[in-house]
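This report refers to the structure that appears directly beneath it.
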Amino acid sequence: METPEQIARKIKNKFEIFYIAISGGKDSTATAIWTLKNLPKEKLLFVFADTSHEARDTYNYINYLEKKLNIKIERVFPPKTFYEAVEKKGYFPSKNSRFCTEILKKSVRDKVLTQLTNKGYEKICIITGVRAEESEERAKYLIFEERNGIGIFRPIINWKTHQVFSYIKENGIEINPLYKKGCTRVGCMPCIFASTTEIKLLFEDPALETQRKKIQFLEKKIGRPFFINETLKDRYIRIKRGLYKERKKESQSICNISGISYCE
């Protein structure tokens, strides 16, 4: 089996441009560092899909990465913000209705790919931070493949979580502050699959007060709770009283369409 480095040497001249989505999460950060070390910098396009639903720490972290890695991260907006999409639907995303990924993340990718094609790029490769240990589905993905002439490269597919964090640290880069606060994921705050720690932070961390209030305002506006059967505050109360049992690995396949990860 070829290593990611061997594949990078084979494809670096084949493709005209490499698209890397940056979310502020550990996997996309490690992937960005790796691509800078293994592919021509002038061919790399870093894109941040601004959903308007990110924590202040994440927005600051994107700015930090841009300066620390000495790269330009393009901020691209989806056709609707998270709040606009929810208001139009009349309900929040759920396990069985993940319209958020399609509207907020995939639309940005498609928009950028269309722009690149219109500019004359014919050989485009998408580089994504999908990892096999995240789910059985992701474990089936190839490290590299081509679909309809577009390359899909997953250089950290076989990395473990501890390797991701170690790699970032070894390269002198700080992790998103949200991880230090106990978050397990940082893309979209809060996500419908938010952990108990993340929900508690929404009510107890002043830096996340705005995010919480926006969700609570939207709950009242559309007349629907953030979670299927309870409001954000009701979930928080249950957590504080020890009445909520967190489900394991509930969010392993979120923000993932056709082998391309959009959040972490």
Within the stretch 148-170, is even one residue crowded, with 19+ Cβ neighbours inside 10 Å and under 30 Å from THR231 (Cα atoms)? no
Residues that are surrounded by fewer than 13 Cβ atoms within 10 Å (Cβ to Cβ) and part of a loop (DSSP other than H, G, I, E, B), drawn from the stretch 120-147: GLY120, GLU122, GLU136, LEU142
Given the criteria modelled with pLDDT of 95 or more, open to solvent by 50 Å² or more (accessible area, probe 1.4 Å), over 24 Å from GLN163 (Cα atoms) and of a type in the set (Val, Ile, Thr), does THR117 qualify? yes
Pull up the stretch 10-30, narrow it to residues that are farther than 19 Å from VAL130 by Cβ and outside any helix (DSSP H, G or I), then point me to the one that is least open to solvent (accessible area, probe 1.4 Å). ILE17
Just to be sure I understand, how many residues within the stretch 81-112 are among the small types (Gly, Ala, Ser) and part of a loop (DSSP other than H, G, I, E, B)? 1
Residue, most open to solvent (accessible area, probe 1.4 Å), within the stretch 38-76, restricted to residues that are under 20 Å from PRO177 (Cβ atoms) and charged (D, E, K, R): LYS67
Could you identify the single residue in ASP57, ASP50 that is within 15 Å of MET189 (Cβ to Cβ), touching a strand residue (DSSP E or B) at 6+ places or on another chain (Cβ under 6 Å) and among the charged types (D, E, K, R)? ASP50
Could you figure out which of (1) among the β-branched types (Val, Ile, Thr); (2) under 29 Å from LEU232 (Cβ atoms); (3) touching a Gly at 6+ places or on another chain (Cβ under 7 Å); (4) touching a residue at least 40 places away in the same chain (Cβ under 8 Å) isn't true of ILE152? (2)
Taking interchain pairs and intrachain pairs at least six residues apart, which have beta carbon atoms under 6 angstrom, with the first residue in the stretch 216-239 and exposed (fewer than 14 other Cβ atoms within 10 Å of the Cβ) and the second at pLDDT below 95 and not in a helix (DSSP H, G or I)? ILE228/SER94
I'm told THR128 meets every condition in (1) farther than 30 Å from ASN229 by Cβ; (2) free of Cβ contacts under 8 Å to residues at least 40 places away in the same chain; (3) touching a strand residue (DSSP E or B) at 6+ places or on another chain (Cβ under 9 Å) except one. Can you identify the failing condition by its number? (2)
Of the residues ILE71, ILE33, ILE7, which is β-branched (Val, Ile, Thr), more than 30 Å from PRO206 (Cβ to Cβ) and part of a loop (DSSP other than H, G, I, E, B)? ILE71
If ILE175 meets every condition in (1) surrounded by fewer than 18 Cβ atoms within 10 Å (Cβ to Cβ); (2) not in a helix (DSSP H, G or I) apart from one, which number is that one? (1)
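The values are calculated or read from the model by the stated rules, or taken from the named source; none is laboratory data. From a predicted model like this one, the values you see are computed outputs, not experimental measurements. FYI the Cβ positions are ideal-geometry reconstructions off the backbone, even for glycines, and counts take in every protein chain you see. Note: areas computed on protein heavy atoms with side chains; ligands, DNA, RNA excluded. Shrake-Rupley method; radii C 1.70, N 1.55, O 1.52, S 1.80 Å.
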